[in-house]
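The values are calculated or read from the model by the stated rules, or taken from the named source; none is laboratory data. Fair warning: this is a prediction, and the values are worked out from it, not measured in the lab. Methodologically, a virtual Cβ is constructed for each residue, glycine included, from the backbone with ideal geometry; neighbour enumeration extends over all protein chains shown.
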Amino acid sequence: MKNVIIKAVLLLTVLLSVHNSFSQGEDFKNALNTKDLHFTGVLQQQNGKFRYDYHDIYEKDSLAKDLQASGYHGGGPSWLGIIYGAFKVGGSDLIDGLEMNVEVSGITFWSPNRDDLEKIGRIVSLVKTNDGALQMAIDKATELDIMQ
């Protein structure tokens, strides 16, 4: 009887983990495709293109120290990994075609399409407010060897 209970608990744990992973993947897809979600970062038009900036270290809810405590850079290189990983979890290759600049303190993206950059802002908002989504993005970036 004890073995049956242990197996049932293990099965339930696996099923909950699979459900949470699926749910997080759906959260990323939702952030990429739903325009009414919260946006984090600065978006502006510059020289005929749109520019998106995110510098987490200057935010009140900065994750820099937490990322550094986990062995990551904590600034722009980490956010490149997090954003890239999040797009990949969400099933989008959009991030591959964007012009970007990684700085010590943050990251900048440019695009002729405002909507492309709004997607980044929604992804950043998601990972800033959802620890599971953040970890999933970090895990994907680590798997792709881009997390720093």
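Could you check how many residues of segment 123-142 are out of contact with any strand residue (DSSP E or B) (no Cβ under 8 Å at 6 or more places or on another chain) and either among the aliphatic types (A, V, I, L, M) or under 18 Å from Tyr58 (Cα atoms) (or both)?
Qualifying residue count for the region: 12.
Residues being closer than 21 Å to Ala133 by Cα and without any contact (Cβ under 8 Å) to a residue 12 or more places away in the chain: count how many of those fall in segment 82-115.
The number of residues fulfilling the criteria is 2.
For a quick check of your reading of the model, give me the residue pairs whose first member lies in segment 136-148 and is among the β-branched types (Val, Ile, Thr), whose second is surrounded by 14 or more Cβ atoms within 10 Å (Cβ to Cβ) and assigned to a loop (DSSP other than H, G, I, E, B), with beta-carbon atoms closer than 7 Å and at least 6 apart or on different chains.
From segment 136-148, the pairs are Ile138/Met147.
Suppose the filter is among the small types (Gly, Ala, Ser), farther than 18 Å from Asn30 by Cβ and surrounded by 20 or more Cβ atoms within 10 Å (Cβ to Cβ); does Ala141 pass it? Quick ask: steps written out before the conclusion?
Numbers: among the small types (Gly, Ala, Ser): yes; farther than 18 Å from Asn30 by Cβ: yes; surrounded by 20 or more Cβ atoms within 10 Å (Cβ to Cβ): yes.
Taking the combined requirement at face value, the residue satisfies it.
Select from segment 47-75 the residues that are closer than 20 Å to Trp110 by Cβ and either at pLDDT 95 or above or loosely packed, with under 10 Cβ neighbours inside 10 Å (or both) and list them in ascending order.
Asn47, Gly48, Phe50, Arg51, Tyr52, Asp53, Tyr54, His55, Asp56, Gly75, listed by residue number.
How many residues does segment 89-109 contain that are touching a Lys or Arg at 6+ places or on another chain (Cβ under 9 Å), surrounded by fewer than 20 Cβ atoms within 10 Å (Cβ to Cβ) and closer than 23 Å to His73 by Cα?
2
Being touching a residue at least 40 places away in the same chain (Cβ under 8 Å), under 19 Å from Lys35 (Cα atoms) and surrounded by fewer than 16 Cβ atoms within 10 Å (Cβ to Cβ): is that true of Gly121 here? Explain how you work it out, then say what you get.
On the way: touching a residue at least 40 places away in the same chain (Cβ under 8 Å): yes; under 19 Å from Lys35 (Cα atoms): yes; surrounded by fewer than 16 Cβ atoms within 10 Å (Cβ to Cβ): no.
So Gly121 fails the test.
Would you please name the residue that is surrounded by the most Cβ atoms within 10 Å (Cβ to Cβ), looking only at residues in segment 1-46 that are of a type outside the set (Ser, Thr, Tyr), at pLDDT 80 or above and not in a helix (DSSP H, G or I)?
Ranking the candidates gives Gly41 first.
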